[in-house]
1. Which number in (1) over 19 Å from Ala40 (Cβ atoms); (2) modelled with pLDDT of 95 or more; (3) in contact with a Cys (Cβ under 7 Å, 6 or more places away or on another chain) marks the one condition that Gln140 misses?
2. In this structure, is Phe210 buried (at least 23 other Cβ atoms within 10 Å of the Cβ) and not in a loop (DSSP other than H, G, I, E, B)?
3. Return the total of residues in segment 238-270 being closer than 16 Å to Val324 by Cα and either in contact with a Phe, Trp or Tyr (Cβ under 6 Å, 6 or more places away or on another chain) or not in a loop (DSSP other than H, G, I, E, B) (or both).
4. Could you check segment 287-364 for helices (runs of 4 or more DSSP H) lying wholly inside it with 2 or more residues that are modelled with pLDDT of 70 or more and charged (D, E, K, R)?
5. With the structure loaded, tell me whether Ile170 is within 14 Å of the ligand (Cβ to nearest atom) and assigned to a helix (DSSP H, G or I) or whether it fails that test.
6. Do any residues in segment 324-353 that are touching a residue at least 40 places away in the same chain (Cβ under 8 Å) have Cβ atoms under 6 Å from those of residues that are in a helix (DSSP H, G or I) and polar (S, T, N, Q), where the two are at least six apart or on different chains, and which pairs are they?
7. If the requirement is being under 24 Å from Ala214 (Cα atoms) and outside the structural domain of Thr208 (by TED's automatic domain parsing), which of these qualifies: Gly8, Gly52, Gly37, Gly83?
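The values are calculated or read from the model by the stated rules, or taken from the named source; none is laboratory data. Computed from a predicted model, the values in this text were never measured in an experiment. Cβ sites come from the backbone with ideal geometry, for glycine too, and all protein chains shown count toward neighbours.
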Amino acid sequence: MWVRYDSGMGLPDGHPLKTRLTELLGTPTPIIQTGMGWVATPELVAGSCEAGAFGFLAAAALSLPEVEAAIGRTKELTDKPFGVNFLMDAPGAEQIAQMILDHGVRAAGYNRAPSAALIDKLKAGGVLCVPTCGAPRHVQKAEKLGADIVIVQGGEGGGHTGSIPTSLQISACADAVSIPVVAAGGFKDGRGLVAAIARGAAGIAMGTRFLMTAESPVPTVTTDRYVAAGLNDVIVTSEIDGLPQRVIVNELVRELEGKSSLSRLLFAFRNAMELRKVSGASLVDLLRSGLAMQKNEKLTRSQMLLAANAPMLAKRAMTDGDPVGGYLPSGSVAGVIDDRPTCAELVSRIMAEAEETLGRLQIR
Ligand SMILES: Cc1cc2nc3c(=O)[nH]c(=O)nc-3n(C[C@H](O)[C@H](O)[C@H](O)COP(=O)(O)O)c2cc1C
(Lines give C-alpha, C1' and ligand atoms only; values in the text may rest on other atoms or scores of the structure.)
Protein backbone atom coordinates (compact mmCIF):
# COMPACT_ATOMS: atom_id res chain seq x y z
CA MET A 1 0.00 0.00 0.00
CA TRP A 2 1.46 3.38 -0.99
CA VAL A 3 1.54 6.37 1.36
CA ARG A 4 -1.17 8.93 0.51
CA TYR A 5 -0.66 12.34 -1.13
CA ASP A 6 0.01 15.15 1.34
CA SER A 7 -0.41 18.74 0.05
CA GLY A 8 2.57 19.86 2.13
CA MET A 9 4.89 16.96 1.29
CA GLY A 10 3.77 16.03 -2.23
CA LEU A 11 3.74 12.48 -3.52
CA PRO A 12 5.86 9.86 -1.77
CA ASP A 13 8.00 7.41 -3.75
CA GLY A 14 6.04 4.49 -5.16
CA HIS A 15 2.78 6.44 -5.33
CA PRO A 16 0.87 5.61 -8.56
CA LEU A 17 0.37 9.34 -9.29
CA LYS A 18 4.10 10.11 -9.02
CA THR A 19 4.98 10.02 -12.71
CA ARG A 20 7.68 11.14 -15.12
CA LEU A 21 5.73 14.41 -15.36
CA THR A 22 5.97 15.22 -11.64
CA GLU A 23 9.66 14.34 -11.75
CA LEU A 24 10.45 16.54 -14.77
CA LEU A 25 8.36 19.52 -13.68
CA GLY A 26 9.22 19.20 -10.01
CA THR A 27 5.55 19.46 -8.99
CA PRO A 28 3.78 17.62 -6.17
CA THR A 29 0.90 16.58 -8.51
CA PRO A 30 0.64 15.45 -12.17
CA ILE A 31 -1.64 18.38 -13.05
CA ILE A 32 -0.96 21.21 -15.52
CA GLN A 33 -2.88 24.48 -15.86
CA THR A 34 -2.69 25.41 -19.53
CA GLY A 35 -1.83 28.76 -21.12
CA MET A 36 -5.12 30.47 -22.02
CA GLY A 37 -5.08 33.90 -23.66
CA TRP A 38 -6.34 36.66 -21.27
CA VAL A 39 -7.07 33.98 -18.62
CA ALA A 40 -3.72 32.48 -17.56
CA THR A 41 -2.55 35.61 -15.72
CA PRO A 42 0.13 35.76 -13.00
CA GLU A 43 -2.60 35.43 -10.34
CA LEU A 44 -4.03 32.23 -11.84
CA VAL A 45 -0.58 30.75 -12.56
CA ALA A 46 0.61 31.50 -9.01
CA GLY A 47 -2.64 30.09 -7.60
CA SER A 48 -2.19 26.87 -9.60
CA CYS A 49 1.47 26.47 -8.70
CA GLU A 50 0.93 27.19 -5.01
CA ALA A 51 -1.83 24.55 -5.09
CA GLY A 52 0.60 21.91 -6.37
CA ALA A 53 -0.13 22.06 -10.12
CA PHE A 54 2.17 23.49 -12.83
CA GLY A 55 0.82 26.70 -14.38
CA PHE A 56 1.56 28.18 -17.80
CA LEU A 57 1.35 31.96 -18.20
CA ALA A 58 -0.31 32.99 -21.49
CA ALA A 59 1.94 35.35 -23.43
CA ALA A 60 0.38 35.18 -26.90
CA ALA A 61 -2.03 38.08 -26.47
CA LEU A 62 0.38 40.39 -24.61
CA SER A 63 2.80 43.06 -25.82
CA LEU A 64 6.50 42.37 -25.09
CA PRO A 65 6.70 44.74 -22.07
CA GLU A 66 3.53 43.10 -20.71
CA VAL A 67 5.07 39.62 -21.07
CA GLU A 68 8.14 40.74 -19.12
CA ALA A 69 5.96 42.36 -16.43
CA ALA A 70 3.74 39.24 -16.19
CA ILE A 71 6.76 36.96 -15.72
CA GLY A 72 8.11 39.30 -13.02
CA ARG A 73 4.71 39.49 -11.29
CA THR A 74 4.37 35.68 -11.29
CA LYS A 75 7.79 35.39 -9.67
CA GLU A 76 6.67 37.87 -6.99
CA LEU A 77 3.55 35.82 -6.26
CA THR A 78 5.16 32.37 -6.15
CA ASP A 79 8.57 30.81 -5.81
CA LYS A 80 7.31 27.60 -7.44
CA PRO A 81 8.35 26.69 -11.00
CA PHE A 82 6.02 27.77 -13.82
CA GLY A 83 5.95 27.98 -17.61
CA VAL A 84 5.24 30.54 -20.35
CA ASN A 85 3.06 29.69 -23.36
CA PHE A 86 3.70 31.66 -26.57
CA LEU A 87 3.41 31.47 -30.36
CA MET A 88 6.73 30.61 -31.99
CA ASP A 89 5.69 32.08 -35.37
CA ALA A 90 4.42 35.43 -34.07
CA PRO A 91 6.35 38.72 -33.96
CA GLY A 92 8.38 38.93 -30.74
CA ALA A 93 8.83 35.14 -30.35
CA GLU A 94 12.61 35.43 -30.12
CA GLN A 95 12.41 38.12 -27.46
CA ILE A 96 9.94 36.03 -25.42
CA ALA A 97 12.26 33.01 -25.63
CA GLN A 98 15.08 35.24 -24.36
CA MET A 99 12.91 36.46 -21.46
CA ILE A 100 12.16 32.83 -20.56
CA LEU A 101 15.88 32.13 -20.44
CA ASP A 102 16.80 35.34 -18.61
CA HIS A 103 14.14 34.81 -15.92
CA GLY A 104 14.95 31.13 -15.38
CA VAL A 105 11.39 30.09 -16.35
CA ARG A 106 11.11 26.29 -16.01
CA ALA A 107 9.13 25.45 -19.18
CA ALA A 108 8.10 26.87 -22.56
CA GLY A 109 4.70 25.98 -24.02
CA TYR A 110 3.84 26.37 -27.72
CA ASN A 111 1.68 24.73 -30.34
CA ARG A 112 1.49 25.65 -34.01
CA ALA A 113 4.66 26.13 -36.07
CA PRO A 114 7.38 25.05 -33.65
CA SER A 115 10.73 26.68 -34.45
CA ALA A 116 13.68 24.24 -34.33
CA ALA A 117 16.10 27.12 -33.68
CA LEU A 118 14.09 28.47 -30.72
CA ILE A 119 13.60 24.98 -29.25
CA ASP A 120 17.36 24.32 -29.45
CA LYS A 121 18.08 27.65 -27.78
CA LEU A 122 15.58 27.05 -24.97
CA LYS A 123 16.83 23.52 -24.36
CA ALA A 124 20.44 24.67 -24.29
CA GLY A 125 19.41 27.03 -21.47
CA GLY A 126 17.80 24.17 -19.50
CA VAL A 127 14.18 25.11 -20.29
CA LEU A 128 11.71 22.22 -20.67
CA CYS A 129 9.92 22.31 -24.02
CA VAL A 130 6.22 21.43 -23.74
CA PRO A 131 4.24 21.71 -26.99
CA THR A 132 0.53 20.97 -27.34
CA CYS A 133 -0.45 18.68 -30.22
CA GLY A 134 -3.68 17.29 -31.61
CA ALA A 135 -2.63 14.13 -33.49
CA PRO A 136 -0.14 11.24 -33.15
CA ARG A 137 1.92 12.37 -36.17
CA HIS A 138 2.31 15.87 -34.69
CA VAL A 139 3.44 14.33 -31.40
CA GLN A 140 6.15 12.37 -33.20
CA LYS A 141 7.31 15.50 -34.99
CA ALA A 142 7.34 17.40 -31.69
CA GLU A 143 9.50 14.67 -30.10
CA LYS A 144 11.95 14.81 -33.01
CA LEU A 145 12.23 18.58 -32.60
CA GLY A 146 13.25 18.08 -28.97
CA ALA A 147 10.07 18.26 -26.87
CA ASP A 148 10.59 17.03 -23.30
CA ILE A 149 6.89 16.54 -22.57
CA VAL A 150 3.93 16.77 -24.93
CA ILE A 151 0.37 17.82 -24.11
CA VAL A 152 -2.14 16.07 -26.38
CA GLN A 153 -5.52 17.70 -26.73
CA GLY A 154 -8.55 15.69 -27.75
CA GLY A 155 -11.65 17.06 -29.47
CA GLU A 156 -13.47 17.81 -26.21
CA GLY A 157 -10.87 20.49 -25.37
CA GLY A 158 -11.51 24.25 -25.33
CA GLY A 159 -10.35 26.73 -27.96
CA HIS A 160 -8.82 25.47 -31.23
CA THR A 161 -9.52 21.79 -31.39
CA GLY A 162 -9.52 18.71 -33.60
CA SER A 163 -11.99 15.89 -34.01
CA ILE A 164 -10.21 12.93 -32.34
CA PRO A 165 -11.83 12.19 -28.95
CA THR A 166 -9.51 12.53 -25.94
CA SER A 167 -10.05 8.86 -24.98
CA LEU A 168 -8.54 7.65 -28.29
CA GLN A 169 -6.00 10.44 -28.61
CA ILE A 170 -4.19 9.67 -25.33
CA SER A 171 -3.33 6.01 -26.00
CA ALA A 172 -2.54 6.62 -29.67
CA CYS A 173 -0.10 9.44 -28.78
CA ALA A 174 1.38 7.66 -25.74
CA ASP A 175 2.14 4.66 -27.97
CA ALA A 176 3.71 6.88 -30.65
CA VAL A 177 6.47 8.52 -28.56
CA SER A 178 8.76 7.83 -25.64
CA ILE A 179 8.49 11.25 -23.95
CA PRO A 180 5.75 11.72 -21.30
CA VAL A 181 2.33 12.51 -22.76
CA VAL A 182 -0.10 14.71 -20.82
CA ALA A 183 -3.80 14.32 -21.59
CA ALA A 184 -5.92 17.43 -22.22
CA GLY A 185 -9.53 17.96 -23.23
CA GLY A 186 -12.39 17.21 -20.87
CA PHE A 187 -10.67 16.83 -17.48
CA LYS A 188 -11.99 18.17 -14.21
CA ASP A 189 -11.63 15.52 -11.51
CA GLY A 190 -9.71 12.64 -9.98
CA ARG A 191 -11.56 9.94 -11.88
CA GLY A 192 -10.42 11.57 -15.13
CA LEU A 193 -6.84 11.76 -13.84
CA VAL A 194 -6.77 8.03 -13.05
CA ALA A 195 -8.40 7.21 -16.41
CA ALA A 196 -5.77 9.30 -18.25
CA ILE A 197 -2.96 7.51 -16.43
CA ALA A 198 -4.57 4.14 -17.22
CA ARG A 199 -4.55 5.12 -20.91
CA GLY A 200 -0.83 5.81 -20.86
CA ALA A 201 -0.60 9.51 -19.92
CA ALA A 202 1.73 10.86 -17.24
CA GLY A 203 -0.79 13.45 -16.06
CA ILE A 204 -3.57 15.81 -17.13
CA ALA A 205 -3.69 19.39 -18.40
CA MET A 206 -6.81 21.49 -17.84
CA GLY A 207 -7.94 24.82 -19.28
CA THR A 208 -11.66 25.26 -18.69
CA ARG A 209 -11.54 23.84 -15.15
CA PHE A 210 -8.89 26.41 -14.14
CA LEU A 211 -10.78 29.20 -15.91
CA MET A 212 -13.58 28.39 -13.46
CA THR A 213 -11.59 28.94 -10.23
CA ALA A 214 -11.55 31.77 -7.71
CA GLU A 215 -8.08 32.93 -8.91
CA SER A 216 -9.18 33.15 -12.56
CA PRO A 217 -9.34 36.80 -13.68
CA VAL A 218 -12.46 36.20 -15.79
CA PRO A 219 -15.35 38.41 -14.60
CA THR A 220 -18.28 36.63 -12.93
CA VAL A 221 -20.66 37.86 -15.61
CA THR A 222 -18.67 35.72 -18.07
CA THR A 223 -17.99 32.69 -15.84
CA ASP A 224 -21.75 32.63 -15.12
CA ARG A 225 -22.16 31.60 -18.78
CA TYR A 226 -19.72 28.71 -18.22
CA VAL A 227 -21.55 27.61 -15.08
CA ALA A 228 -24.94 27.82 -16.84
CA ALA A 229 -23.78 25.92 -19.97
CA GLY A 230 -25.01 22.38 -20.48
CA LEU A 231 -23.12 19.79 -22.56
CA ASN A 232 -25.12 20.70 -25.68
CA ASP A 233 -24.30 24.40 -25.34
CA VAL A 234 -20.60 23.81 -26.09
CA ILE A 235 -20.14 23.58 -29.84
CA VAL A 236 -17.41 23.72 -32.50
CA THR A 237 -17.50 26.68 -34.89
CA SER A 238 -15.12 28.05 -37.52
CA GLU A 239 -16.86 31.44 -37.60
CA ILE A 240 -14.57 33.11 -35.06
CA ASP A 241 -11.21 32.86 -36.84
CA GLY A 242 -11.59 30.41 -39.70
CA LEU A 243 -10.35 27.38 -37.72
CA PRO A 244 -12.51 24.96 -35.71
CA GLN A 245 -12.82 26.25 -32.15
CA ARG A 246 -14.81 24.80 -29.26
CA VAL A 247 -16.89 27.55 -27.65
CA ILE A 248 -20.00 28.12 -25.60
CA VAL A 249 -22.66 29.17 -28.09
CA ASN A 250 -23.73 32.77 -27.45
CA GLU A 251 -25.24 35.81 -29.16
CA LEU A 252 -21.97 36.58 -31.02
CA VAL A 253 -21.62 33.08 -32.51
CA ARG A 254 -25.25 33.11 -33.67
CA GLU A 255 -24.75 36.59 -35.20
CA LEU A 256 -21.52 35.57 -37.01
CA GLU A 257 -23.22 32.47 -38.39
CA GLY A 258 -25.89 34.71 -39.93
CA LYS A 259 -23.46 37.26 -41.49
CA SER A 260 -22.46 37.39 -45.17
CA SER A 261 -18.80 36.64 -45.99
CA LEU A 262 -18.15 40.30 -46.74
CA SER A 263 -19.57 41.63 -43.48
CA ARG A 264 -17.64 38.93 -41.57
CA LEU A 265 -14.41 40.21 -43.17
CA LEU A 266 -15.22 43.85 -42.36
CA PHE A 267 -15.90 42.80 -38.78
CA ALA A 268 -12.51 41.01 -38.67
CA PHE A 269 -10.76 44.08 -40.13
CA ARG A 270 -12.15 46.30 -37.34
CA ASN A 271 -10.93 43.75 -34.76
CA ALA A 272 -7.48 43.69 -36.39
CA MET A 273 -7.28 47.48 -35.96
CA GLU A 274 -8.31 47.13 -32.31
CA LEU A 275 -5.69 44.37 -31.78
CA ARG A 276 -3.06 46.69 -33.22
CA LYS A 277 -3.87 49.29 -30.55
CA VAL A 278 -3.98 46.80 -27.67
CA SER A 279 -0.91 44.72 -28.52
CA GLY A 280 1.24 47.55 -29.82
CA ALA A 281 1.84 45.48 -32.98
CA SER A 282 2.36 47.42 -36.21
CA LEU A 283 0.31 46.71 -39.33
CA VAL A 284 3.41 45.02 -40.79
CA ASP A 285 3.67 42.79 -37.68
CA LEU A 286 0.02 41.82 -37.94
CA LEU A 287 0.35 41.05 -41.62
CA ARG A 288 3.50 38.99 -41.05
CA SER A 289 1.81 37.02 -38.27
CA GLY A 290 -1.33 36.52 -40.41
CA LEU A 291 0.78 35.30 -43.35
CA ALA A 292 2.70 32.88 -41.11
CA MET A 293 -0.58 31.53 -39.77
CA GLN A 294 -1.95 31.28 -43.32
CA LYS A 295 1.08 29.22 -44.35
CA ASN A 296 1.28 27.03 -41.24
CA GLU A 297 -2.42 26.30 -40.99
CA LYS A 298 -2.98 26.24 -44.77
CA LEU A 299 -5.66 28.95 -44.53
CA THR A 300 -7.38 30.75 -47.38
CA ARG A 301 -6.84 34.52 -47.57
CA SER A 302 -10.25 35.26 -46.09
CA GLN A 303 -9.63 32.80 -43.24
CA MET A 304 -6.36 34.64 -42.58
CA LEU A 305 -8.27 37.92 -42.21
CA LEU A 306 -10.76 36.27 -39.88
CA ALA A 307 -7.85 35.18 -37.66
CA ALA A 308 -7.59 38.75 -36.36
CA ASN A 309 -10.97 38.28 -34.70
CA ALA A 310 -10.03 35.78 -32.03
CA PRO A 311 -7.76 37.74 -29.66
CA MET A 312 -10.03 40.80 -29.51
CA LEU A 313 -13.25 38.85 -29.21
CA ALA A 314 -11.74 36.72 -26.44
CA LYS A 315 -10.55 39.86 -24.61
CA ARG A 316 -14.06 41.27 -24.75
CA ALA A 317 -15.47 38.28 -22.85
CA MET A 318 -12.49 37.34 -20.66
CA THR A 319 -11.27 40.81 -19.61
CA ASP A 320 -13.97 43.37 -20.41
CA GLY A 321 -16.83 41.24 -19.06
CA ASP A 322 -18.94 41.17 -22.22
CA PRO A 323 -20.15 37.56 -22.76
CA VAL A 324 -22.63 38.78 -25.41
CA GLY A 325 -20.28 40.57 -27.84
CA GLY A 326 -17.17 38.52 -26.98
CA TYR A 327 -16.56 34.83 -27.55
CA LEU A 328 -16.32 32.07 -24.95
CA PRO A 329 -13.65 29.45 -25.75
CA SER A 330 -14.55 26.42 -23.69
CA GLY A 331 -14.09 22.69 -23.37
CA SER A 332 -17.17 20.47 -23.36
CA VAL A 333 -16.39 19.91 -19.70
CA ALA A 334 -17.98 23.32 -18.87
CA GLY A 335 -21.27 21.48 -19.36
CA VAL A 336 -20.58 19.43 -16.21
CA ILE A 337 -18.91 22.06 -14.00
CA ASP A 338 -20.99 24.28 -11.76
CA ASP A 339 -18.69 25.78 -9.15
CA ARG A 340 -15.70 28.13 -8.80
CA PRO A 341 -13.39 26.68 -6.11
CA THR A 342 -9.97 28.08 -5.24
CA CYS A 343 -7.06 26.38 -7.03
CA ALA A 344 -6.01 24.80 -3.71
CA GLU A 345 -9.50 23.35 -3.15
CA LEU A 346 -9.61 22.09 -6.73
CA VAL A 347 -6.20 20.40 -6.76
CA SER A 348 -6.62 18.76 -3.35
CA ARG A 349 -10.11 17.59 -4.35
CA ILE A 350 -8.77 16.03 -7.57
CA MET A 351 -5.95 14.28 -5.71
CA ALA A 352 -8.30 12.97 -2.99
CA GLU A 353 -10.76 11.71 -5.60
CA ALA A 354 -7.96 10.08 -7.62
CA GLU A 355 -6.77 8.25 -4.50
CA GLU A 356 -10.31 7.20 -3.64
CA THR A 357 -10.67 5.86 -7.21
CA LEU A 358 -7.36 3.98 -7.03
CA GLY A 359 -8.49 2.48 -3.72
CA ARG A 360 -11.85 1.45 -5.18
CA LEU A 361 -10.03 -0.21 -8.10
CA GLN A 362 -7.71 -1.84 -5.56
CA ILE A 363 -4.63 -0.39 -7.25
CA ARG A 364 -2.25 -0.56 -4.35
C1 LIG B 1 -10.64 30.33 -22.57
C2 LIG B 1 -9.60 29.50 -23.25
C3 LIG B 1 -8.54 30.13 -23.88
C4 LIG B 1 -7.54 29.38 -24.49
N5 LIG B 1 -6.49 30.04 -25.04
C6 LIG B 1 -5.45 29.31 -25.53
C7 LIG B 1 -4.29 29.98 -26.01
O8 LIG B 1 -4.20 31.20 -26.01
N9 LIG B 1 -3.27 29.21 -26.49
C10 LIG B 1 -3.35 27.84 -26.48
O11 LIG B 1 -2.38 27.17 -26.88
N12 LIG B 1 -4.45 27.18 -26.04
C13 LIG B 1 -5.49 27.88 -25.56
N14 LIG B 1 -6.60 27.23 -25.08
C15 LIG B 1 -6.61 25.75 -25.02
C16 LIG B 1 -6.13 25.30 -23.62
O17 LIG B 1 -4.81 25.70 -23.40
C18 LIG B 1 -6.26 23.78 -23.38
O19 LIG B 1 -5.49 23.06 -24.34
C20 LIG B 1 -7.70 23.31 -23.38
O21 LIG B 1 -8.49 24.22 -22.68
C22 LIG B 1 -7.82 21.91 -22.76
O23 LIG B 1 -9.15 21.46 -22.74
P24 LIG B 1 -10.17 21.69 -21.50
O25 LIG B 1 -10.67 23.09 -21.66
O26 LIG B 1 -11.22 20.65 -21.72
O27 LIG B 1 -9.42 21.51 -20.22
C28 LIG B 1 -7.62 27.96 -24.50
C29 LIG B 1 -8.72 27.34 -23.88
C30 LIG B 1 -9.69 28.07 -23.25
C31 LIG B 1 -10.84 27.37 -22.57
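1. In the conditions (1) over 19 Å from Ala40 (Cβ atoms); (2) modelled with pLDDT of 95 or more; (3) in contact with a Cys (Cβ under 7 Å, 6 or more places away or on another chain), Gln140 misses (3) alone.
2. Numbers: buried (at least 23 other Cβ atoms within 10 Å of the Cβ): yes; not in a loop (DSSP other than H, G, I, E, B): yes.
Considered against the rule, which asks whether it is buried (at least 23 other Cβ atoms within 10 Å of the Cβ) and not in a loop (DSSP other than H, G, I, E, B), Phe210 comes out as yes.
3. Of the residues in segment 238-270, 12 are closer than 16 Å to Val324 by Cα and either in contact with a Phe, Trp or Tyr (Cβ under 6 Å, 6 or more places away or on another chain) or not in a loop (DSSP other than H, G, I, E, B) (or both).
4. 309-318, 343-360
5. Judged against the criteria, Ile170 is a match.
6. These pairs meet every condition: Ser330/Thr208; Gly331/Thr208; Val333/Thr208; Ala334/Thr208; Cys343/Ser48.
7. Exactly one of Gly8, Gly52, Gly37, Gly83 is under 24 Å from Ala214 (Cα atoms) and outside the structural domain of Thr208 (by TED's automatic domain parsing), namely Gly8.
Rundown of residues vs (1) surrounded by fewer than 19 Cβ atoms within 10 Å (Cβ to Cβ); (2) away from the ligand (no atom under 16 Å from the Cβ), yes/no style:
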| site | (1), (2) |
| --- | --- |
| Gln95 | yes, yes |
| Gln98 | yes, yes |
| Val105 | no, yes |
| Gly109 | no, no |
| Lys121 | yes, yes |
| Ala124 | yes, yes |
| Cys129 | no, no |
| Gly134 | no, no |
| Gln140 | yes, yes |
